[in-house]
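The values are calculated or read from the model by the stated rules, or taken from the named source; none is laboratory data. Keep in mind it's a predicted model, so treat the numbers as computed, not measured. We place every Cβ from the backbone using ideal geometry, glycine too, and count neighbours over all the protein chains shown.
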Amino acid sequence: MTRGSNSMTKKERSSARRDPVDPCSMSTEDGIIASLTELREALKKREPLERKFTMRTVDLEIEPSEYSSERVRETRERLNASQAVFAALLGVSTKTVQGWERGSSPPKMARRLLDTINDDPASWLARLARRANHTAAS
C-alpha cells in the first residue's frame, strides 16, 4: 500500500511515541509540543518525573522592602510628585496613597514598585518629565 509522505503506519506512530524526544533537533513549536507530549505520557504512566526530567527547585529571597508612612512620602517627594501624580504613576487612587502616608501598609506588589522607584529614581523622574511634556504638547 502506498502512503503519502506525511502519513505513518500504526506501528510507526507507536514507535515514535516510545522514542526519546530531542527537542533541540526540532523547531521551537515542535519541541514544546514533543516535550509536553512526553510529560503527558510520563504522568499517565505515573513515572517519577525526577527520573525522566531535570527537576530544579530555586528559592529566591526577594521579598520587597517594608514601607512606613514616612518612607512612602520620601519616595513620592524624591520624584517631586503630588499625591495625585504619584498615585497615577503607581496605578492606584490618590486616596490609596494618602492612606499609605497616614500609616496603612502598601501591598507587596506596590512595595516592589516602590523599591524599583527607589533603586533608580532618575529613570522615574525622566518618565514623569516625558509624560508632562506629552501632556503639555497635547
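What residue, among those in segment 94-115 that are without any contact (Cβ under 8 Å) to a residue 12 or more places away in the chain and closer than 14 Å to Arg76 by Cβ, is nearest to the chain's Cα centre (by Cα)?
Per the criteria, the residue is Thr96.
Take segment 74-85 and flag every residue that is free of Cβ contacts under 8 Å to residues at least 24 places away in the same chain, farther than 24 Å from Ile62 by Cα and assigned to a helix (DSSP H, G or I). Step through it out loud before you land on a result.
Keep residues of segment 74-85 that are free of Cβ contacts under 8 Å to residues at least 24 places away in the same chain, which gives 74, 77, 82-84.
This time we only want the ones that are farther than 24 Å from Ile62 by Cα, so: 77, 82-84.
Selection gives Glu77, Gln83, Ala84.
Of the residues Pro107, Pro48, Pro121, which single one is assigned by TED's automatic domain parsing to the domain that holds Ser35 and surrounded by fewer than 16 Cβ atoms within 10 Å (Cβ to Cβ)? Before the answer, list the steps.
Numbers: Pro107 fails: assigned by TED's automatic domain parsing to the domain that holds Ser35; Pro121 fails: assigned by TED's automatic domain parsing to the domain that holds Ser35.
Only one candidate passes the filter, namely Pro48.
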